[in-house]
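The next block holds one structure in the form of structure tokens; read it before the comments.
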Amino acid sequence: MEFFRQHILSITAYTPLVGAFLLMFFNKESKNAIRWVANIFGFLGLIVSLPLWFWYDRADGGFQFIERHEWIRAIGASYIFGADGISVLLILLTTVLGAIAILSSWTAIQNRVKEYYIFLLLLQVGMLGVFCSLDFFLFYVFWEVMLVPMYFLIGVWGSDRRLYSAIKFFLYTLVGSVVMLLGILVLYFHMPEGQRSFDYVQMMTYLHSTPLAGGVARFVWLAFFLGFAIKVPMFPFHTWLPDAHTDAPTAGSVILAGVLLKMGTYGFIRFSLPLLPNESQYFRTMIVVLAIIGIIYGALVAMMQKDWKRLVAYSSVSHLGFVMLGMFCFNPNGLNGSVLQMINHGISTGGLFLIVGLVYERRHTRQISEYSGLSHVMPVYATYFMIIMLSSLGLPLLNGFIGEFTILQGAFQASHVWAAFAVIGIILGAAYLLWLYQRTMFGEVTNEKNKNLKDLNFREVATLFPLVVLAVWIGVYPRPFFRILEKPVNRIVATVQPDKFQLDAMGNLVTPQNKTVTPTAPVASDPAITPSPTASSATRPEKK
Amino acid sequence: MFNQFFQPSDIIAIYPQLLLALFGLGVLIVDLFLDREWKVLNAFTALVGIGYAAYALFRIRNFNVTAYNGAIVNDSFSVFFQFVFLIATALVIFISARYLTIEGEHRGDYYALILFSLIGMDFMVMGMDLITLYIALELMAVSEYILVGYLRSNRQSNEAAMKFFLLGAFSSGILLYGISLLYGLCGSTDLRVIGQRLAERPVHDPLAMIALITLAAGLLFKVAGVPFHQWLPDAYEGAPSSITTFISVAPKFASFALILRILFVALRPLQIEWTPLLIVVCVLTMTLGNITAISQSNIKRLLAYSSIAHAGYLMLGIIAANEYGITGIAIYFLVYTFMNIGAWTVVVAMRRKDMIGDQISEMSGMIHKNPAAATLMLIFMLSLAGIPPTAGFIGKYYLFAAVIQSQHYLLAVIAVLNAAISLYYYMRVVVVMFMNEKTDEEKMTLSPGVVTVLAVTCVFTLLIGVYPQPFIHFAQSSLALFQ
């Protein structure tokens, strides 16, 4: 048990890898056995990750479950895993959606089943690794590793223009990430020789004590921006997203929308903001403008789509705009809402893609005009669709409302204008989702082929039910989620806005009495994993 | 017996090469007594020779001998490269036997020529004297010309050899002209003396510039830097695939090592002159190699243009001219040996009875016919593209890091964008293998030698990617260049 507790992150991250490895030894014809093994490992991955929720010490709020091993001594890269509240939530989101995605593929995938599950499990490893890594080099490795399985999932099991979409996804993301690598390297060489390391905490401590020169720092920030913004994706880097989402198989779309996009926003919140707070301030307006354009543009384009899946894909652009807007409010409400909205988007949009996938599996078309009056033939389906659709558009008592409301609160505190623009996005969001629901579910069944559609079976309900439970939980009682986010978010806010917020000894935010604060921001460093614990206490401002 | 021209240590310094020469000649003699079915014994003879040479090299690795009045230096830089050459040559010999049998040209002189060219390469990394270096270069190059044209009845092979030879001879002439100019300027052919004399000359000396440019042109031809690259795709396509595997790895490294030695020992004082020159060549080489590779339909030509692009990446390390850069070049050689030989071995295995197997379309549906080979090819392609956790990423990481450290930010951006472009054509191969249906039923020629090489290269491609520490440590021995 002690071993498990100390290595929980590694165990969580590599459980799918074990599954993928085992699958290699299966005969590719014994499809059911392969499906069982994949599902067992998907579920197992979820089970082993659950203790994170209970074991994470919310009062401390730093990085926990640290694992540290020497890896490449010559360049100062180590194997460091660790998680704070933000990562814990994202890890749990990944394991939940991963298990659901695997379960949802049971009948949808009929050819090359073995390879399919191997790639799906490998993808899971890459994504979990990204959220667990506290070493920049390791982070980058996982960040890129996950591209390959995703490429295959779209390219082999996708629909229509799958090859085009797959390579577009791969190239777009790769361009962003290699430029990001250059940014990482500039930070690395900024450290003095002999102390160079990719250790996140060490790097942050050093950067706060000796910031980069302005021009270079902006280059680094923009390099990070390119890597993360393409992933998010922010307008105008979003063009890969509708193609990849539309052509990916259902499980691929769920993972892509639910988890992969969060890697971009996670990158901003974990690296851009705390490492380069001044530059984040400098580019704040640019990000906010792009985010607002994304919110409104995504919603408008979604409204005009004839393809059901493409509509959901564009809605992601809009929702991720909210996440970015909340993040760059630089106040506790905005950031809390932003992280919570990441989770919400994973639940709602993941659910919406499942919904599309279920009907696509039956009819093999995604044209909205092909469907009408489905609520008469598939009542259970229509019910689940309604709950998830309402959660996505932000109805009170469901998760989307909490996230969007908190973000708007944060935006309002930062600037009334931003909030006003963002509200337009919410209205448009309600419009395209309700219109979609009306066109597909209500009315008469006009298409002959739709008359005999089967309603959901037990397995299909099992993929949707957990999402609905989570949506209601967050919508009705979000406190546990805010509680786990509170301290980590406070640290980031205090790092980025040191003149407005500072940390007290308990990790709570206080408004500084003394307006002339030192330029060195309080450091979210954890003595447990910082080799030089003096750094954190030295740079932390006096509490009042 | 010993006098001022000849010391006992001289023999020790070149002991591995003596062994190689002995075995090379031995292959030629043994070959006379072998029947057609037993030609594979030639390969064994050559491998034994390489084994002995490796052992001898292992014994003298720390001696740091200077021999023949300083014309030859066996420092850790050259020892590192000799090990890489031995590994590459051994791997190539493993894949040759079955391939040559299918081509119907299995003779002993093939192995002898490979060993002779190996000796040439060894002296290229050990030499400290321009004349020694030039002779070594020619020994390597002449062996290569013959090997490229080894398929006597194949017109393409002959044409490739002819082009390669004519252009090669031309570039050697230019190189010699540069050498003579340097000799005229400095009065010595010893690299170290040249370095000292050049440092005493005024900066921006036009004569030194001419010497530099002619030398650079001759050397860049050997590594196929743009605009001296035209010979490479034709030679690679026409040559027997096993020989292409060879010349895409070892001789290229030898030429790079030669460039490193000349630039960092003799022409160090001219660094401000050659850095901008190399930046231009480097950008052109990477970009042209990658962009031209996109439109290739022949796998050999695709890999040929990719190897041009990789030469461009390697120049990043020279431009950076710091420890990261030199270590990066060394680690890249190690990595490139495994991943490139691996990829070429798959191409070699594509040569089946009555099938040339060099069109990308002929790889269709390889995953259904030979799933293991297709998966390995995927790993090699990802490694060539520099995607972690393969070895290629570690190599690229070092080179990109080097240019960032020397603050050539724009160059670094161009380089990484090139890496992204390259992914596109490597993935084209993967698409054909994994996503197209198979067009024929003919299985690949997986002889024991090919399987061995695939296994070895794949293991190292992944191992260096996942745990590079010991390999980096090994590569750092090449830093002796700076001392």
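Before moving on, here are some points about what is shown:
- Tallying residues that are among the hydrophobic types (A, V, I, L, M, F, W, C) and surrounded by fewer than 24 Cβ atoms within 10 Å (Cβ to Cβ) within region A:298-332 yields 5.
- Members of region A:357-388 found to be part of a helix (DSSP H, G or I) and of a type in the set (Lys, Arg), listed by number: A:Arg362, A:Arg363
- Test result for B:Pro388, within 11 Å of chain A (Cβ to nearest Cβ), touching a residue at least 40 places away in the same chain (Cβ under 8 Å) and in contact with a Phe, Trp or Tyr (Cβ under 8 Å, 6 or more places away or on another chain): yes
- Criterion (more than 8 Å from chain A (Cβ to nearest Cβ), under 30 Å from B:Thr327 (Cα atoms) and among the small types (Gly, Ala, Ser)) met by exactly one of B:Ala401, B:Ala415, B:Ala373: B:Ala415
- Neighbours by Cβ (under 8 Å, 6+ apart or cross-chain): first from region A:100-124, closer than 14 Å to A:Ile154 by Cβ and in contact (Cβ under 8 Å) with a residue 24 or more places away in the chain; second polar (S, T, N, Q) and in a loop (DSSP other than H, G, I, E, B): A:Tyr116/A:Ser105; A:Leu120/A:Ser105
- Taken as a whole, region B:266-274 holds at least one residue that is more than 20 Å from the chain's Cα centre (by Cα) and over 22 Å from B:Phe77 (Cβ atoms).
- Within region B:204-274, helices (runs of 4 or more DSSP H) holding 3 or more residues that are polar (S, T, N, Q): B:241-247
- Scanning region A:390-415 for residues that are touching a Phe, Trp or Tyr at 6+ places or on another chain (Cβ under 8 Å), of a type in the set (A, V, I, L, M, F, W, C) and surrounded by 23 or more Cβ atoms within 10 Å (Cβ to Cβ) yields A:Ile407, A:Ala411.
- Some residue of region A:125-133 being closer than 25 Å to A:Phe21 by Cβ and not in a helix (DSSP H, G or I): yes
- Every residue from region B:127-144 that is in a helix (DSSP H, G or I) and either among the polar types (S, T, N, Q) or over 16 Å from the mean Cα position of the chain (by Cα) (or both): B:Leu130, B:Ile131, B:Thr132, B:Leu133, B:Tyr134, B:Ile135, B:Ser143
- Residue in region A:160-176 that is farther than 28 Å from A:Glu67 by Cβ, out of contact with any Asp or Glu (no Cβ under 8 Å at 6 or more places or on another chain), within 10 Å of chain B (Cβ to nearest Cβ) and aromatic (Phe, Trp, Tyr) present: yes
- Residue in region B:340-356 that is within 14 Å of another protein chain (Cβ to nearest Cβ), among the β-branched types (Val, Ile, Thr), surrounded by 24 or more Cβ atoms within 10 Å (Cβ to Cβ) and closer than 18 Å to B:Cys458 by Cβ present: no
- The residue that is nearest to A:Ala299 (Cα to Cα), counting only those in region A:409-433 that are among the aliphatic types (A, V, I, L, M) and touching a Ser or Thr at 6+ places or on another chain (Cβ under 9 Å), is A:Leu428.
- Checked against (1) buried (at least 18 other Cβ atoms within 10 Å of the Cβ); (2) more than 9 Å from chain A (Cβ to nearest Cβ), B:Leu378 passes all but condition (2).
Yes/no per residue for (1) assigned to a helix (DSSP H, G or I); (2) of a type in the set (Lys, Arg); (3) modelled with pLDDT under 90:
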position	(1), (2), (3)
A:Asn452	no, no, yes
A:Glu460	yes, no, no
A:Ala471	yes, no, no
A:Pro480	yes, no, no
A:Lys500	no, yes, yes
A:Ala524	no, no, yes
A:Ile529	no, no, yes
A:Ser532	no, no, yes
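- Those helices (runs of 4 or more DSSP H) of region A:267-340 in which 2 or more residues are within 21 Å of A:Gln413 (Cβ to Cβ) and among the hydroxyl-bearing types (Ser, Thr, Tyr) occupy A:277-282.
- Scanning region B:84-111 for residues that are within 10 Å of B:Phe246 (Cβ to Cβ) and either small (Gly, Ala, Ser) or not in a helix (DSSP H, G or I) (or both) yields a count of 2.
- Residues satisfying the stated conditions in region B:323-365, i.e. touching a Phe, Trp or Tyr at 6+ places or on another chain (Cβ under 9 Å) and farther than 28 Å from B:Leu86 by Cβ: B:Gly365
- When A:Ser177, A:Ser209, A:Ser197, A:Ser159 are checked against the criterion of being more than 28 Å from A:Val125 (Cα to Cα) and among the hydroxyl-bearing types (Ser, Thr, Tyr), A:Ser209 stands alone in meeting it.
- Of residues in region B:423-479 being within 14 Å of another protein chain (Cβ to nearest Cβ) and charged (D, E, K, R), the one farthest from B:Trp344 (Cα to Cα): B:Glu437
- Which numbered condition B:Gly26 misses (of (1) under 26 Å from the mean Cα position of the chain (by Cα); (2) at positive phi): (2)
- Going through (1) part of a helix (DSSP H, G or I); (2) at pLDDT below 90; (3) within 22 Å of B:Leu382 (Cβ to Cβ) one by one, B:Ser478 falls short only on (3).
- Selection count where residues are farther than 30 Å from A:Ala99 by Cβ and of a type outside the set (A, V, I, L, M, F, W, C), scope region A:258-293: 10
- Residue check, A:Phe198 buried (at least 21 other Cβ atoms within 10 Å of the Cβ), touching a helix residue (DSSP H, G or I) at 6+ places or on another chain (Cβ under 7 Å), within 13 Å of another protein chain (Cβ to nearest Cβ) and hydrophobic (A, V, I, L, M, F, W, C): yes
- Entirely in region A:144-263, the helices (runs of 4 or more DSSP H) that have 3 or more residues that are over 20 Å from the mean Cα position of the chain (by Cα) and β-branched (Val, Ile, Thr): A:162-190
- Test: residue in region A:118-130 that is facing chain B (nearest Cβ under 9 Å) and either closer than 26 Å to A:Phe237 by Cα or surrounded by 24 or more Cβ atoms within 10 Å (Cβ to Cβ) (or both): no
The values are calculated or read from the model by the stated rules, or taken from the named source; none is laboratory data. None of these values were measured; they are calculated from a predicted model. Note that we place each Cβ from the backbone using ideal geometry, even for glycine, and neighbour counts take in every protein chain shown.
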